[in-house]
Amino acid sequence: MGFSIRKNDIRYDNDGQTNVRCWVCNREGERAKKYVERKDRIREPRAVTRAKCPAAFRVKMNKKVGTWVVNRFIPERSHELAMNYEIKFLRSHQLVKDCDMAQATAMKTVGIKTSQIMDFLVNQAGGYDNVGFTLEDLYNSLDVERRSMMLETDSESALAYLKGKTDMDPNFFCKYSVDEENRLSNLFWADSISRLDYHHFGDVLAFDSTYKTNEYGKPLVMLVGVNNHYAACFFGCALLVDETIETYMWVLETFLSAMNNKKPISVVTDGDRAMRKAIKKVIPEARHRLCVWHLQRNAQSNVRNKPNFIKVFTKCIFEFLTPEEFDKLWWRKKVCKIIIG
């Protein structure tokens, strides 16, 4: 009819199933006063689009017959409707159809540019008004499709590779978890050498997450230690979906399961708060310490001349501060990096 819609109200029953759903006009309601009367505003406010439009469509689940029932429908609007040539620019109307998406994906696979694909679809539909979406919508849809295919393909390839390692190495350990949409979220693995090294040198565990330099932005957690030759040895690796307490708890629990529940005596970390809480919950008896590797290269001279600086810094290097002690240090912000030493 010439206006955009948006989701509004949703309610659930005792079983967590959707019980009520409501859609309204995108110009429903009015802008909150706290956004209109701000005194500390720097930029000009956006144009007011809300017009108290009453248009709404509400459905409710009738559990007796197992079907949805419309219990509210208001077709009246309080604003002008969009013209026919403007409808495709409405947010809720910008949709690339499945048939167009399949055709665009096939053409993109053989190397045709997105702009050329758009021109072809426009010519096929008989004009821009008949296509139903813009060039930007096509770009976004193709990008989402590409990311989805890449994630699914790479996840399957990674799991297949780890399964092959399991066939070659009977003591190879691998475990993963999936999210609500059945997508790969966390992945942990450790080979037989890593498990053997931990059996001999696992009294001290260095638990650190690297920067998110991979293509998917996933933190890479490395669990390492030091052998009798003062050389680093890897005990296991994990790719995580985020850096929350629950995720770190999953890593530690999975790691202990892979190592026959042998717990480390000391754990050295980079001071991450979520990591700290996870360690306290999973292995509370372990001594948790921080390791300061080096100070900022161009540290200010007054930092070095502060009283007791050398004494406190020596304690960091040789005695290891607890996370609580480190948080109280006045110069902790001057530390360039806190990494595994």
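Taking the protein heavy atoms of the range 1-92 in the context of the full set of protein chains, the accessible area attributed to carbon and sulfur is 49 percent at 1.4 Å. The heavy atoms of K63 offer some 130 square angstrom of accessible surface to a 1.4 angstrom probe.
M168 sits with roughly 150 Å² accessible to a 1.4 Å probe, with DNA, RNA and ligands left out of the calculation. The listed residues H288, H93, H199 rank as H199, H93, H288 when sorted by accessible area, largest first, using a 1.4 Å probe. One chain, two ends: N182 and E80. Fully extended at 0.36 nm per residue, the span grows by 32.4 nm beyond their Cα-Cα distance. Each principal axis of the Cα cloud of the range 1-116 was taken in turn, and the coordinate range along them, longest first, works out to 53, 49, 30 Å. A 1.4 Å probe, protein heavy atoms only, puts the accessible area of D203 near 70 Å². Separation of the alpha carbons by more than 22 angstrom is noted, of K7/K52; K175/K262; K165/K281; K7/K88; K7/K108; K7/K218, for K165/K281; K7/K108; K7/K218. Between L95 and N130, the contour length at 0.36 nm per residue exceeds the alpha carbon distance by 11.4 nm.
The values are calculated or read from the model by the stated rules, or taken from the named source; none is laboratory data. No experiment lies behind these values; they were computed from the predicted model shown. The accessibility values were calculated without ligands, DNA or RNA, using every heavy atom of the protein model including side chains. Shrake-Rupley method; radii C 1.70, N 1.55, O 1.52, S 1.80 Å.
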